[in-house]
Amino acid sequence: MPKREVTYDLRNGALKYFWERWDSIVVKTTPLTDDHRQLGAKMVDFHGWNMPVQYTGVVEEHLCVRNHVGLFDLTHMGELLLTGDTASATLNNLVCNDPTGLAVGEIQYSPLMNAEGGIVDDILIYRVEDGFYLVVNASNVEKDVQWIQQHLQPGTTLTDVSDSTSLIAVQGPNAQPLVETFFGQSLEDMKYYSHRTLEYQGKSVLLSRTGYTGEDGFELYLANALAAAVWRKLLELGKPFGVQPIGLGARDTLRLEVRMPLYGNDIDDTTTPLEAGLSRVVAWDTEFLGRDALFKQKEQGVTRRLAGFVLQERGIARQGHTILDADGQPLGTVTSGSMSPSLQQAVGMGYVAIGAAKPGTDVFIEVRGRQLAAKLHKGRFVQVKK
């Protein structure tokens, strides 16, 4: 199991007591925690994990990924293995995409569904030799495990391998040459949303090519014992490519610039794929949990939609702020918002009434008692080249 850490700050600020035992308020650490501290990272509690939010600063780290290459510790993510003769049927019933046609080595993105058409989680599905390898959000591991277990068909086994798995992501235009240098082989033939198993120091590493930044990116899934050696080697080999360690702060601004939804902000159990603009991953010709509810919503028409917006004046919209029409009437609520380091403008997303969701529509965002002018935006805020 990963180490657990609790930090007690006494009122005099003189003592921090680290307790590496189980407790009701423990915080998990990754095998790279000591490395993060040595690199000067600011650590925060993120969904029960002690994670680096930034090293040198969110803007600098963000631009490093856009222009060069960044290294992320994503060990807090969950990994589940679904195996057995009925694994395909079990999974096909739980997700709205269709994983049954995946070939070994292919990856698929899909919402994990509930009966009401809501999104339990948004996951990555890796087709492996003996079944499916699922990558789930850190905040949802326990919930996802329980949900999937409730719907297992006889002959399917679910194994949670999260605690024995570390995850390091390499993102940016220089990601491919850095990972090629690390493994000592060309990856030119590795397609987007595919994976393969390679070796490092005689140990297996599951390498995939997906990403959550909009840039070209690779993910390395490996045993905890190997994580520190891989992290340090990537930092060493990455110097000619401009590599930097990147915290969760820049990861959030990077994904927001390319309109990738964040679970718990932009999508959750109460939002549907149709409302979230994810209809492209709904396989209507398959039977899945929540299909009837989604089909009914499709026929009746959605009443709200996740829209992007760009602020036209100074200020930053945050989750929970109200989106208003030109007359000051509520249209919806902000789900994500931040300053875009690439654009030097504040951007965000939020659900708005379907009648007002047209790109180019002028709206206002209520921020601390002020109504800030904004304009609804179509597509990604930043276009990146892969």
Which listed residue is out of contact with any helix residue (DSSP H, G or I) (no Cβ under 8 Å at 6 or more places or on another chain), at pLDDT below 95 and under 23 Å from residue 249 (Cα atoms), from 368, 318:
368
Go through (1) touching a residue at least 12 places away in the same chain (Cβ under 8 Å); (2) under 25 Å from the mean Cα position of the chain (by Cα) and name the single condition residue 328 misses.
(2)
Name every residue in the stretch 338-386 that is buried (at least 18 other Cβ atoms within 10 Å of the Cβ) and free of Cβ contacts under 8 Å to residues at least 40 places away in the same chain, in order of residue number.
346, 356, 361
Look through the stretch 200-248, keep the residues that are among the polar types (S, T, N, Q) and at negative phi, and return whichever of them is surrounded by the fewest Cβ atoms within 10 Å (Cβ to Cβ).
204
Being in a loop (DSSP other than H, G, I, E, B) and under 20 Å from residue 123 (Cβ atoms) is the filter here, so list the residues in the stretch 196-226 that pass it.
209, 210, 211, 212, 213, 214
Top-ranked residue in the stretch 85-109 [being hydrophobic (A, V, I, L, M, F, W, C) and assigned to a helix (DSSP H, G or I); ranked as farthest from residue 173 (Cα to Cα)]
89
Residues that are surrounded by fewer than 22 Cβ atoms within 10 Å (Cβ to Cβ), without any contact (Cβ under 8 Å) to a residue 24 or more places away in the chain, assigned by TED's automatic domain parsing to the domain that holds residue 83 and on the phi < 0 side of the Ramachandran plot: does the stretch 116-134 have at least one?
no
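Report whether or not residue 270 is closer than 19 Å to residue 65 by Cβ, of a type in the set (Ser, Thr, Tyr) and out of contact with any Ser or Thr (no Cβ under 9 Å at 6 or more places or on another chain).
No; evaluated as a whole, the condition is false for this residue.
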State whether the residues of the stretch 170-178 include one that is in contact (Cβ under 8 Å) with a residue 12 or more places away in the chain, part of a strand (DSSP E or B), under 28 Å from residue 142 (Cα atoms) and in the same structural domain as residue 75 (by TED's automatic domain parsing).
yes
Listed residues 338, 342; which is in a loop (DSSP other than H, G, I, E, B) and of a type in the set (Ser, Thr, Tyr)?
342
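Return the only residue of 152, 82, 158, 112 being at pLDDT 95 or above, in a strand (DSSP E or B) and surrounded by fewer than 22 Cβ atoms within 10 Å (Cβ to Cβ).
From the options 152, 82, 158, 112, the qualifying one is 158.
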Would you check which residues across the stretch 284-293 are touching a Ser or Thr at 6+ places or on another chain (Cβ under 9 Å) and either more than 11 Å from residue 119 (Cα to Cα) or surrounded by fewer than 17 Cβ atoms within 10 Å (Cβ to Cβ) (or both) and list them?
286, 293
When you scan the stretch 56-70, do you find a residue that is in a loop (DSSP other than H, G, I, E, B) and within 19 Å of the chain's Cα centre (by Cα), even just one?
no
Search result, residues across the stretch 198-239 that are under 28 Å from residue 340 (Cβ atoms) and acidic (Asp, Glu)
215, 216, 219
Among (1) buried (at least 19 other Cβ atoms within 10 Å of the Cβ); (2) on the phi < 0 side of the Ramachandran plot, the one test that residue 163 misses:
(1)
Test each condition in (1) in a helix (DSSP H, G or I); (2) surrounded by fewer than 22 Cβ atoms within 10 Å (Cβ to Cβ); (3) charged (D, E, K, R); (4) touching a residue at least 12 places away in the same chain (Cβ under 8 Å) for residue 251 and report the one that comes out false.
(2)
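The values are calculated or read from the model by the stated rules, or taken from the named source; none is laboratory data. None of these values were measured; they are calculated from a predicted model. Because the Cβ atoms are built from the backbone with ideal geometry, glycine has one as well, and the counts that use them run over all protein chains shown.
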